[in-house]
Amino acid sequence: MVSTTENSVKKEALRYLLAGIATLTVVHALGRFSFTPLLPYFISDNMLTITQGADLATINYLGYLIGALLAVRYSGLKFIKRYLLIGLVGNVLITIAQCFTPQFDLLLLWRLLNGVTNGITFVLAPALLLEWFIMNNKPQLSGLVYFGVAGGLLAGGLLVDSTASFLQSAQRWIPVAVVSVILALYSTIQFVKISVQRPEYGSTNSKTPYSNRLFDRRSTPLFLSYIGAGLGYILPMTFLPTLAHDTMPTDSIWIRNVWIITSTSCLVFIPIWNWMGHRYGDRLSLIYTYILQALGVAMVLLTPSGVGIIACAILVGSGFLGSVMCTQRLARYFQPHQGPRLSAALIAIYAGSQLIGPWLAKLWIEHGGTLLQSFAVGLGAFIWGLFWSLRTPKT
């Protein structure tokens, strides 16, 4: 009987993990970050300009912040599954709508709503799965859900580049939309089945009752460091392919592959960060993620050529999901009694900080600066994140 029950839990864990991976692929990697490899093509099609691309990125991140804040409101276990599914389905419908929208003004609306649904889903899906994994004694699997972001980044880059010669303008979204519909259907079927219960914390018999405060002396440095994570990674993850098109020869093989290199690095390092966090602690792993990403942005600033751009793609790609994974788990370790609410608050901070990046880049370019120079903001942000992560308590 024990063996049968354990096998049943393992099968459920695999199905729910795959559903979570597919969900993050749809809303975050395809729905959101496919815009990054698409932007150079939209510019070459004369559909958008670089400043319009920055505007679309900024409003998408504003929507992401709004969605994350809404997720704080609906992170209770009685709401979480319902609003997760609403966000997922809404995100797919918006991606489909973009296939028929070359107009910039209407795209602003779609990218805003894409951000809202992405923010809701990106918060609630990992939070729901983390609660289920902990409830079933499998917390070590929680970080693997971010394979959806890494694998989706790779898939999005391949979809965009492999169909670039066949499609034009807004039609370039079509391959992304088709894959999104298929994955969202599978995820919806699985998430309908999942059920979680809130564990009891801080009961009358507990010697250490828990507070409902999100900000305390242990969690505050972690929140502050996460500001650096959001602001630091967003410029490379939004503009690195465009920077490659601007600074490298048009026949360079790296122009088409810079996004694939970024996403492959991300994919390779997810199990490494997951293992390191489980083996040596999430705090130490988090520190290393900031170091790697800071080095990546420094490389592109010091050597703005093929070498610097590829180094940035590898180092930022390898570290940014590690920062997300380790911060989320470390925060829940500090405050285990309010996991979904805590996850939502962290993502809101992340979204708010990354909202600033494209806006600063646009201002800099409009005042005579270059896209490359704006990456200095990212370097400063990673140094900030490293500073505060070093001040996060060890226990």
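Here, each number is a calculation from the coordinates, and none is a lab measurement. Bear in mind the structure is a predicted one, so any value in this text is a computation, not a measurement. Neighbour counts are summed over all protein chains in view; Cβ atoms, including those assigned to glycine, are modelled from backbone coordinates with ideal geometry.
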Quiz item: Say each of L106 and T5 gets a label point 7 Å from the Cα, pointing the same way as Cα to Cβ; how far apart are those two points in nm?
Solution: 5.6
Quiz prompt | Karplus (6.51, -1.76, 1.60) ³J(HN,Hα), θ = phi - 60°, over segment 310-327, in Hz, Gly and Pro reported as x | solution = 5, 4, 5, 4, 5, 6, 5, x, 6, x, 6, 6, x, 4, 5, 4, 5, 5
Quiz item: Where does each of R217, R15 land when they are ranked from fewest to most other beta-carbon atoms within 10 angstrom?
Solution: R217, R15
Quiz item: Taking the simple approach of a point 7 Å from Cα along Cα-to-Cβ for both I189 and R218, what is their distance in nm?
Solution: 4.2
Self-check item: Calculated FRET value between D45 and L93, using beta carbons and R₀ = 25 Å, to 0.05
Solution: 0.55
Quiz item: In a shell of Cβ-Cβ distance under 12 Å around R283, excluding R283 itself, what net charge do Lys and Arg (+1) and Asp and Glu (-1) give?
Solution: +3
Practice problem: For segment 231-318, just the Cα atoms, rotate onto the principal axes and tell me the three extents in Å, largest first. | Solution: 44, 21, 19
Practice problem: Please give the net charge around T188, taking every other residue with its beta carbon less than 14 angstrom from that of T188, where Lys and Arg add +1 and Asp and Glu add -1. | Solution: +4
Quiz item: Taking the alpha-carbon set of segment 276-318, what are its Rg and Dmax in Å?
Solution: 12.2, 37
Quiz item: Between segment 327-395 and segment 98-117, what's the alpha-carbon centroid distance in Å?
Solution: 25
Quiz item: Where does each of H245, H278, H367, H28 land when they are ranked from fewest to most other beta-carbon atoms within 10 angstrom?
Solution: H367, H278, H245, H28
Practice problem: Round to the nearest 10 and give me the degree value, 0 to 90, for the angle of helix 253-280's Cα axis relative to the longest principal axis of the chain. | Solution: 20
Practice problem: For L158 paired with I291, estimate the spin-label separation in nm (one decimal), with each label point 7 Å from Cα along the Cα-to-Cβ line. | Solution: 3.3
Exercise. May I ask you to sort F133, F387, F239 by Cβ crowding, counting other Cβ atoms within 10 Å and putting the fewest first?
Key: F387, F133, F239
Practice problem: Quick one: compute the contact order of the chain, relative version, from alpha carbon pairs under 8 angstrom and 6+ residues apart, as a percent. | Solution: 26
Quiz item: All other residues with a Cβ under 14 Å from the Cβ of N60 taken together, and with Lys, Arg as +1 and Asp, Glu as -1, what is their net charge?
Solution: +2
Practice problem: Compare the peptides 105-112, 171-178 by average per-residue count of other Cβ atoms within 10 angstrom and give them in order, highest first. | Solution: 171-178, 105-112
Self-check item: Cleavage-rule hits, trypsin sites (Lys or Arg not before Pro), segment 330-395, DSSP coil, Cβ neighbours within 10 Å at most 12
Solution: R391, K394
Self-check item: Identified option (computed P(r) over Cα pairs in 20 Å bins from 0, in percent; candidates (i) 30, 59, 11, 0; (ii) 31, 62, 7; (iii) 27, 58, 15, 0)
Solution: (i)
Quiz item: Which percent of Cα-Cα pairs in segment 96-204 sits in each 5 Å bin, short to long?
Solution: 2, 9, 14, 19, 18, 13, 9, 7, 4, 3, 1, 1, 0, 0
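Quick check on segment 24-171: take the gyration tensor over C-alpha atoms, sort the square-rooted eigenvalues as a ≥ b ≥ c, and tell me if it's rounded (a/c under 1.5), prolate or oblate.
It comes out prolate by the Cα gyration axes.
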Quiz item: Dividing the alpha-carbon Rg of segment 228-379 by 2.2 N^0.38 Å yields what?
Solution: 1.09
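Could you quote the convex hull projected area for segment 12-90, Cα atoms only and averaged over all directions, in nm²?
On the way: hull surface 25.3 nm².
Mean shadow area of the hull around the Cα atoms is 6.3 nm².
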